[in-house]
Amino acid sequence: MVNYIKESFEELRANVTWPSWAEGQNLMVVVAVFSILFSLAIWGVDTVFARLIKLYFGVIGN
């Protein structure tokens, strides 16, 4: 297990190409924007379904 961890750190240090600081910032903005958009979409669908369920059970209850 210790050997695996050592090799993993060596792999990260020697063979991984890390993005530049500016590219990392740009990617972070893209991820943040899409996360906000997807959360708004999920909130919207959840709101619509909640209202439909309330309407459905309101009609059945009356």
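The values are calculated or read from the model by the stated rules, or taken from the named source; none is laboratory data. Since the structure is predicted, the reported quantities are computational estimates derived from the model, not experimental observations. In case anyone asks, the SASA skips ligands and DNA or RNA and just uses the protein heavy atoms, side chains included. Shrake-Rupley method; radii C 1.70, N 1.55, O 1.52, S 1.80 Å.
So, in the stretch 1-50, of the ones that are open to solvent by less than 90 Å² (accessible area, probe 1.4 Å) and part of a loop (DSSP other than H, G, I, E, B), which residue ends up modelled with the lowest pLDDT? Per the stated criteria, the residue is Val16. The set of residues from the stretch 51-62 being part of a helix (DSSP H, G or I) and not small (Gly, Ala, Ser) comprises Arg51, Leu52, Ile53, Lys54, Leu55, Tyr56, Phe57, Val59, Ile60.
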